[in-house]
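K.L.:
First, the structure itself, so that you have it in front of you.
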Amino acid sequence: MADFQIYESYQSLLKNENLSTPLAAILALTEMMMHSNAGTMFELLNELKGGAEALSRQTSNPIGLNAGCELFIEFITSFPQDAASFSELKTELIRHGQQYAEQALTYRAKIAELAFDFIKDDSVILTHSYSRVVLQTLLLAHKRKRISVFVTEARPRGLGIKTAEMLTAAGIPCTVVLDSAVAYAIDKVDFVLVGSEAVVESGGLVNAVGSNQIAIIAKAANKPFYALAESYKFHRMFPLSQYDLPSHNPGVLSFPQALGARALPASSGLPSKSSSVSSDNGSPIRITQEDIARNNPDVDYTRPDLISLVFSDVGSLTPEGVSQYLVGMFAG
């Protein structure tokens, strides 16, 4: 067990494009059990909780993996302990963990079929960033209906470009929209369709940053806002604001120490590629996209009152229904 590095295992699993962070975390914990020398359930649970904490500490955005770890540890805790020996019990737990991850890969297809019924012919859809389950849903809809899709850039990671390229390659009419132009485009849209990092206990959504402002705009424009989420992303967490998310840190939206600066003469009022500002000591001041990304969040929280429905492998749920499902899932 001493030689097993759970974070390295987790990172290796994420190289599989089909595995989301919760499933990679579940499989990493399963692999940890395979290397475990624990002789009792108490010792095994302590090792798994320690592994989950190690993953969370080493990840800047641990929300998705925390949901997977929480689900798996709850499963281990409630698993019937009627095996002839602890060794047999551990083998059974490992087998169930691997089977669950394999079965969970089919959830996106179930969600796509469920959401498909809400997509009318000639729909214009707005989506945000990149989501495997949203992509699968849109590709399914394209096979049977006519759709057009607006995709946001989704800065700072810019994953909306990846979505737009994949949709265009599949023959779906697609246009990339600036994050700052969502309000401009919303009147052309029939509904918003987004994926999720996690769906929390309130029924709210944690997703790529910008999702919250899109939901606010959709609400103001009276457009439905639908979220797609596999049930392993349901997370027993209750944020009250953006700053309650575990991904938030003091460096997000912080003000760097100001340097004395003076403006240099410029030929016009438009920004130039060359620096037109320098510090008092004459050195140029440049703000790069990397600087901006480091100072901004990767995800944000969308309140449940802004969400129309959550489509999951367990059904189409209202935000209140998500809360009830989570209570039942972790009851006892």
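K.L.:
Answer with yes or no whether Thr59 is surrounded by fewer than 20 Cβ atoms within 10 Å (Cβ to Cβ), of a type in the set (Val, Ile, Thr) and part of a loop (DSSP other than H, G, I, E, B).
P.N.:
In short, yes.
K.L.:
Might you check whether a residue that is farther than 20 Å from Ile94 by Cβ, at pLDDT 95 or above and out of contact with any helix residue (DSSP H, G or I) (no Cβ under 7 Å at 6 or more places or on another chain) occurs anywhere in the stretch 48-55?
P.N.:
Checked the stretch 48-55: at least one residue is farther than 20 Å from Ile94 by Cβ, at pLDDT 95 or above and out of contact with any helix residue (DSSP H, G or I) (no Cβ under 7 Å at 6 or more places or on another chain).
K.L.:
Within the stretch 178-191, count every residue that is assigned to a loop (DSSP other than H, G, I, E, B) and in contact with a strand residue (DSSP E or B) (Cβ under 6 Å, 6 or more places away or on another chain).
P.N.:
Residues flagged as assigned to a loop (DSSP other than H, G, I, E, B) and in contact with a strand residue (DSSP E or B) (Cβ under 6 Å, 6 or more places away or on another chain) within the stretch 178-191 amount to 2.
K.L.:
Mind checking whether some residue in the stretch 64-73 is over 18 Å from Leu13 (Cβ atoms) and either assigned to a helix (DSSP H, G or I) or in contact (Cβ under 8 Å) with a residue 24 or more places away in the chain (or both)?
P.N.:
Among the residues of the stretch 64-73, not one is over 18 Å from Leu13 (Cβ atoms) and either assigned to a helix (DSSP H, G or I) or in contact (Cβ under 8 Å) with a residue 24 or more places away in the chain (or both), which makes the answer no.
K.L.:
Still on this structure: Go through the residues of the stretch 8-31 one by one and say whether even a single one is of a type in the set (A, V, I, L, M), part of a loop (DSSP other than H, G, I, E, B) and within 15 Å of Glu92 (Cα to Cα).
P.N.:
Checked the stretch 8-31: no residue is of a type in the set (A, V, I, L, M), part of a loop (DSSP other than H, G, I, E, B) and within 15 Å of Glu92 (Cα to Cα).
K.L.:
If we keep just the residues of the stretch 157-175 that are surrounded by fewer than 18 Cβ atoms within 10 Å (Cβ to Cβ) and of a type outside the set (Gly, Ala, Ser), which is modelled with the lowest pLDDT?
P.N.:
Filtering first and then ranking leaves Arg157.
K.L.:
Which of the residues spanning the stretch 192-202 are surrounded by 24 or more Cβ atoms within 10 Å (Cβ to Cβ) and either basic (Lys, Arg) or outside any strand (DSSP E or B) (or both)?
P.N.:
Gly195, Ser196, Glu197, listed by residue number.
K.L.:
Give just the number: which of (1) under 25 Å from Gly315 (Cα atoms); (2) open to solvent by 70 Å² or more (accessible area, probe 1.4 Å); (3) in the same structural domain as Glu17 (by TED's automatic domain parsing) does Phe118 not satisfy?
P.N.:
(3)
K.L.:
Is it true that some residue in the stretch 138-148 is in contact with a Lys or Arg (Cβ under 6 Å, 6 or more places away or on another chain) and open to solvent by 10 Å² or more (accessible area, probe 1.4 Å)?
P.N.:
No, the conditions are met nowhere in the stretch 138-148.
K.L.:
Right, another one. For Asn46, state whether it is over 21 Å from the mean Cα position of the chain (by Cα) and open to solvent by 40 Å² or more (accessible area, probe 1.4 Å).
P.N.:
yes
K.L.:
Tell me whether the stretch 129-138 contains one or more residues that are assigned to a loop (DSSP other than H, G, I, E, B) and of a type in the set (Gly, Ala, Ser).
P.N.:
Yes, there is a match, as at least one residue in the stretch 129-138 is assigned to a loop (DSSP other than H, G, I, E, B) and of a type in the set (Gly, Ala, Ser).
K.L.:
Quick check on my filter: what residues within the stretch 148-192 are closer than 15 Å to Val134 by Cβ and of a type in the set (Lys, Arg)?
P.N.:
Selection gives Lys162 alone.
K.L.:
Another one. Scan the stretch 214-228 and report the pairs whose first residue is more than 21 Å from Phe116 (Cα to Cα) and crowded, with 18+ Cβ neighbours inside 10 Å and whose second residue is of a type in the set (Lys, Arg) and at pLDDT 95 or above, with Cβ atoms within less than 9 Å and a gap of 6+ or a chain change.
P.N.:
These pairs meet every condition: Ile217/Lys223.
K.L.:
Which pairs have Cβ atoms under 6 Å, sit 6 or more apart or on different chains, and link a residue in the stretch 4-16 that is within 14 Å of Ile26 (Cα to Cα) to one that is charged (D, E, K, R) and not in a loop (DSSP other than H, G, I, E, B)?
P.N.:
Taking only residues 6 or more apart or on different chains, the pairs are Ser9/Glu31.
The values are calculated or read from the model by the stated rules, or taken from the named source; none is laboratory data. Computed from a predicted model, the values in this text were never measured in an experiment. Neighbour counts are summed over all protein chains in view; Cβ atoms, including those assigned to glycine, are modelled from backbone coordinates with ideal geometry. Just the protein is used for accessible areas: all its heavy atoms, side chains included, with ligands, DNA and RNA removed. Shrake-Rupley method; radii C 1.70, N 1.55, O 1.52, S 1.80 Å.
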